[in-house]
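Note sheet for the following structure.
Values in this text are rule-based calculations from the coordinates and carry no lab data. Just so we're clear, the structure is a prediction, and the values are computed from it rather than from any experiment. Neighbour counts are summed over all protein chains in view; Cβ atoms, including those assigned to glycine, are modelled from backbone coordinates with ideal geometry.
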Amino acid sequence: MIELDLTTRLASLKLKNPVITASGTCGYGEELKEYLDPDIPGAITVKGLTIKPSVGNPAPRITETPAGILNSIGLENPGLEEFLATKLSVIGKLNVPVLVNISGHSLDDFAFLAEKLAPYPQIAGLEVNVSCPNLAGGGMAFGTDSELVYRVAYRVKENYPGPVIIKLTPNVTDIVEMAEAAVAGGADIISLINTLLAMAIDIDDKRPLLGNTFGGLSGPAIKPVALRMVYQVASRVKIPIIGMGGIMTGRDAIEFILAGASAVAVGTATLIDPGAVARIIEEIKEYMIEKEIKRIKDLIGQAL
Ligand SMILES: Cc1cc2nc3c(=O)[nH]c(=O)nc-3n(C[C@H](O)[C@H](O)[C@H](O)COP(=O)(O)O)c2cc1C
């Protein structure tokens, strides 16, 4: 029996395995503990945090689609003050690196959150969600304008000493341009993809099905798009990549690693099977045994 080495690196972060929980699908780690030992993932990414508490979007907020789900949760979260008062101690008890996903509606919001989260060693790094609307720019998502991606990355890096992950939106024409802007702004790691902007219509009510009209598509339906984007970014950018979008099995995860991801994140799969992350890690090991691969690191970017 060969001894498997699942460890991987994301800039200064050392992960014991490459499978991370995706933001918004595992709460603050402990909610899933009946189904998934929170010590098992390579890292945990918590729900998107904003400065002020947010109740999110009107219901219905989730609907199934063929091979995926549409969600318009709208960043429901307790806000910075409550996060520091109640959630920080929860994540401090976890034995894996915890990444805090942050969102803002202005460049100053991102800079403020980065500065306020900087003092806490319980936080291993920040994942910056640039899919949210820039209110000063008429509500266009930051992540659709490379100049803004650059500036968000720059402002977060200026205020946060630890690893900064810029999480790209797929709702763009040229994903490489956005990745290069993130690198130029100082990002240490890139994660991709967030959900694809989409909608569904209720033909009985003759109205959009989601309370917010539009939502984000995730799950197996988006995997080929996500994989293509990871491959394109990995071909052009030198910093480590966290790949995500529709990963349901270990074999899906291996595809992303071969496309150049140093780690992967699992979101929608957890909503269907709350133990998905543990299963996916086991399936990665099965593949490694089958192919006689000792180190997962040796697979990174092999398809490029
Ligand atoms: C219910 C739900 C909530 C999400 N919340 C966030 C969030 O707060 N911040 C964020 O950056 N991404 C959020 N995402 C996006 C996921 O982290 C992930 O990028 C996306 O769903 C693609 O991965 P998947 O197909 O494995 O779900 C959310 C996704 C879902 C399904």
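Remark: for residue pairs LYS87/LYS167; LYS33/LYS116; LYS167/LYS297; LYS47/LYS223; LYS47/LYS116; LYS52/LYS87, the C-alpha separation exceeds 19 Å in LYS87/LYS167; LYS33/LYS116; LYS167/LYS297; LYS47/LYS223.
Hey, what number do you get for the chain at 222 nm if only DSSP H runs of n ≥ 4 count, each worth -39500 (n - 2.57), divided across all residues, to the nearest 500? Value at 222 nm, helices only, nearest 500: -8500 deg cm²/dmol. Spacing of the modelled spin labels on LEU135 and VAL176, each 7 Å from Cα toward Cβ, amounts to 3.7 nm.
What list do you get for GLU76, GLU81 if you sort them by fewest beta carbons within 10 Å?
GLU81, GLU76
Per residue, the average separation of C-alpha pairs within less than 8 Å and at least 6 apart gives the chain a relative contact order of 20 percent. The coefficient of translational diffusion for the range 56-170, derived via Stokes-Einstein from the alpha carbon Kirkwood radius under 20 °C and 1.002 mPa s, stands at 140 µm²/s.
Peptide packing: for 54-65, 208-219, the average count of neighbouring Cβ atoms within 10 Å per residue gives the ranking 208-219, 54-65, highest mean first. Sorted fewest first by neighbouring Cβ atoms within 10 angstrom, VAL230, VAL98 come out as VAL98, VAL230. Expressed as a fraction of 2.2 N^0.38 Å, the value expected for a compact globular protein of N residues, the C-alpha radius of gyration of the range 40-107 is 1.30. Listing LYS47, LYS291, LYS238, LYS16 from fewest to most neighbouring C-beta atoms within 10 Å gives LYS238, LYS291, LYS16, LYS47. Take every Cα-Cα pair in the range 205-263 and report what % of them are more than 14 Å apart. In whole percent, the share of Cα-Cα pairs in the range 205-263 beyond 14 Å is 57.
Contact order, relative form, for the range 83-169: 32 percent (alpha carbon pairs under 8 Å, 6 or more residues apart, mean separation divided by residue count).
Summarising the overall dimensions of the range 8-299 from its C-alpha atoms, the Rg and Dmax are 17.8, 55 angstrom.
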